[in-house]
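Colleague: The structure's right below; bear with me while I get my questions together.
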Amino acid sequence: MNVLAQSWAEIAAQLQINWNLVNTCLQFASWGLVSLLLAEIVRDSYHALCHYVPSLGKWHNKHHMAYRRDLSVVSLKIYQESQLYNDIVESILLVVVLTVMALLLQQWGFWLGVAYAFTFLYGASRRYFLGKIDTDYTHLPGPLETIPSVWWVNRSYHWRHHFDDVNAYYSGVFPLVDTVLGTGLSLKGKTIALTGASGALGQALTAELIKNNAKVVALTTNPEKLQPQEKLTVIAWELGKEAELKAALEKVDILIINHGVNVYANRTSEAIESSYEVNTFSTLRLMDIFLTTVTGPQSKATKEIWVNTSEAEVSPALSPLYELSKRAIGDIVTLKRLDGDCIIRKLILGPFKSQLNPYGVMSAPQVARAILFLAKRDFRNIIVSINPLTYMLFPLKEVSTWLYYRIFSKKVQEVS
């Protein structure tokens, strides 16, 4: 027994954690992460400054002149010139800033950021001296096959900087700076169709969208409630006749589906049918019609659908049929997102004063401003609520539902 105890003691001694080593590793990793984050902020901030400082913009404009709409290069000479005056200058600045900070801070982990900065200089130099575009990942030519990513800058995301709005979409690898500046989605010049346009939120959204230089197409069953104004087109439609809107939706960049009905405590067969027809099936038909307009080599980058699914997805609304029908369309939206046809945003809104809810706590203009604030920062799930539980419960519900649908569903063409 003494021998066995001695053996265990020896093993325990060998397995003893070296806390100094652990602390050193954590410190190295922490400073490394800070340096990578800072590298992205410096690089993208310089890019944004190029669009506001004329002296910097003169060089940066050479970068924009190098590409056609399909991201093919205008000529090799112009492309290489753009690398010299923009990418190499930007990379050298990044290397210098990170190196100076690493020397001042004297933290070994910070040199990871310096090494990261050198990868940009290497790629830019390769493109300039050899004319190689293989390291220019966000500028590879060809049709856009995926929607703009929410986690990193892919080709579709960056294409919008060149051909949607040059004063937005500044980020190069991670969209952190665009999130801070509110340049992750530009509404300028966009044609935005909006259902439920005559309601409280519909009118508030219309006003805010026009302030953001968008053109609004109001789709409403009550056109007489809307006053004519500049940048507003009113189109009357009826429930069940969504297919008649296809021609109008062809010219639309963003479709906001905002109409709904609340039968409160009613649970008759008519109330059930009405709730699902308005809140679920009409929304689904509009989504499907709009998705048929997502055609062309660049449409995936600019076309979007926003669906007002409501806080009722995860919280009681004191109206069972409203909750059931909104949860149904919320789950369908999660399912539709898996196909990646275009960006589909959810509006998860708490109670605001309207015809559907005269006892709402928030005001429609407040909610409209919050929606656009988050949309311009490229939030795909836009939560506007006074209920803190919604901010915790909805992400858990959305991730678990997404994962379940991802595993147990397939697109029709994938079924053998």
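The values are calculated or read from the model by the stated rules, or taken from the named source; none is laboratory data. Source: prediction; values computed, not measured. For neighbour counting, all protein chains shown are included, and Cβ atoms are generated from backbone atoms with ideal geometry for every residue, glycine included.
Colleague: I'd like the full set of residues that are assigned to a helix (DSSP H, G or I) and under 28 Å from His162 (Cβ atoms), limited to the stretch 299-319.
Modeller: Ser299, Lys300, Ala301, Thr302
Colleague: Out of Pro395, Pro358, report the one residue that is part of a helix (DSSP H, G or I), assigned by TED's automatic domain parsing to the domain that holds Thr302, free of Cβ contacts under 8 Å to residues at least 24 places away in the same chain and not hydrophobic (A, V, I, L, M, F, W, C).
Modeller: From the options Pro395, Pro358, the qualifying one is Pro395.
Colleague: Somewhere in the stretch 272-281, is a residue in the same structural domain as Glu224 (by TED's automatic domain parsing) and assigned to a loop (DSSP other than H, G, I, E, B)? Steps first, answer last, please.
Modeller: Just the residues of the stretch 272-281 that are in the same structural domain as Glu224 (by TED's automatic domain parsing), to begin with: 272-281.
In the following step, the residues that additionally are assigned to a loop (DSSP other than H, G, I, E, B) were identified as none.
No, the stretch 272-281 contains no residue that is in the same structural domain as Glu224 (by TED's automatic domain parsing) and assigned to a loop (DSSP other than H, G, I, E, B).
Colleague: Can you say whether Thr283 is hydroxyl-bearing (Ser, Thr, Tyr), modelled with pLDDT under 95 and crowded, with 20+ Cβ neighbours inside 10 Å, as far as the supplied structure shows?
Modeller: Spelling it out, it is not the case that Thr283 is hydroxyl-bearing (Ser, Thr, Tyr), modelled with pLDDT under 95 and crowded, with 20+ Cβ neighbours inside 10 Å.
Colleague: Restricting attention to the stretch 151-169, which residues are within 18 Å of Asn212 (Cβ to Cβ) and either among the aromatic types (Phe, Trp, Tyr) or assigned by TED's automatic domain parsing to the domain that holds Phe379 (or both)?
Modeller: Of everything in the stretch 151-169, just one residue is within 18 Å of Asn212 (Cβ to Cβ) and either among the aromatic types (Phe, Trp, Tyr) or assigned by TED's automatic domain parsing to the domain that holds Phe379 (or both), namely Tyr169.
Colleague: For the stretch 130-155, enumerate the residues that are touching a residue at least 40 places away in the same chain (Cβ under 8 Å) and within 20 Å of Asn61 (Cα to Cα).
Modeller: Within the stretch 130-155, Gly131, Ile133, His139, Leu140, Pro141, Arg155 meet the criteria.
Colleague: Within the stretch 133-171, how many residues turn out to be among the hydrophobic types (A, V, I, L, M, F, W, C) and surrounded by 18 or more Cβ atoms within 10 Å (Cβ to Cβ)?
Modeller: Of the residues in that region, 6 qualify.
Colleague: In addition: Using beta carbons and a limit of 9 Å, which pairs, at least six apart or on different chains, have the first residue in the stretch 194-208 and crowded, with 24+ Cβ neighbours inside 10 Å and the second one part of a helix (DSSP H, G or I) and among the polar types (S, T, N, Q)?
Modeller: Matching pairs, first to second residue: Leu194/Thr206; Thr195/Ser282; Thr195/Thr283; Ala197/Gln203; Ala197/Thr206.
Colleague: Restricting the search to the stretch 284-331, which residues are farther than 23 Å from Ser186 by Cβ and acidic (Asp, Glu)?
Modeller: Selection gives Asp288, Glu311, Glu313, Glu323, Asp331.
Colleague: Please find, within the stretch 320-345, the residue that is surrounded by the most Cβ atoms within 10 Å (Cβ to Cβ) out of those that are touching a Ser or Thr at 6+ places or on another chain (Cβ under 9 Å) and part of a loop (DSSP other than H, G, I, E, B).
Modeller: Filtering the stretch 320-345 for residues that are touching a Ser or Thr at 6+ places or on another chain (Cβ under 9 Å) and part of a loop (DSSP other than H, G, I, E, B), the one surrounded by the most Cβ atoms within 10 Å (Cβ to Cβ) comes out as Cys342.
Colleague: Turning to a different aspect of this structure: Can you pull out every residue in the stretch 136-150 that is closer than 18 Å to Ala117 by Cβ and either out of contact with any His (no Cβ under 8 Å at 6 or more places or on another chain) or in a loop (DSSP other than H, G, I, E, B) (or both)?
Modeller: Residues satisfying the conditions are Asp136, Tyr137.
Colleague: Among the helices (runs of 4 or more DSSP H) lying completely within the stretch 52-123, list those that include at least 3 residues that are at pLDDT 95 or above and surrounded by 20 or more Cβ atoms within 10 Å (Cβ to Cβ).
Modeller: Values: elements: 54-64, 76-82, 89-105.
Because the criterion is at least 3 residues that are at pLDDT 95 or above and surrounded by 20 or more Cβ atoms within 10 Å (Cβ to Cβ), the helices (runs of 4 or more DSSP H) in the stretch 52-123 that meet it are 89-105.
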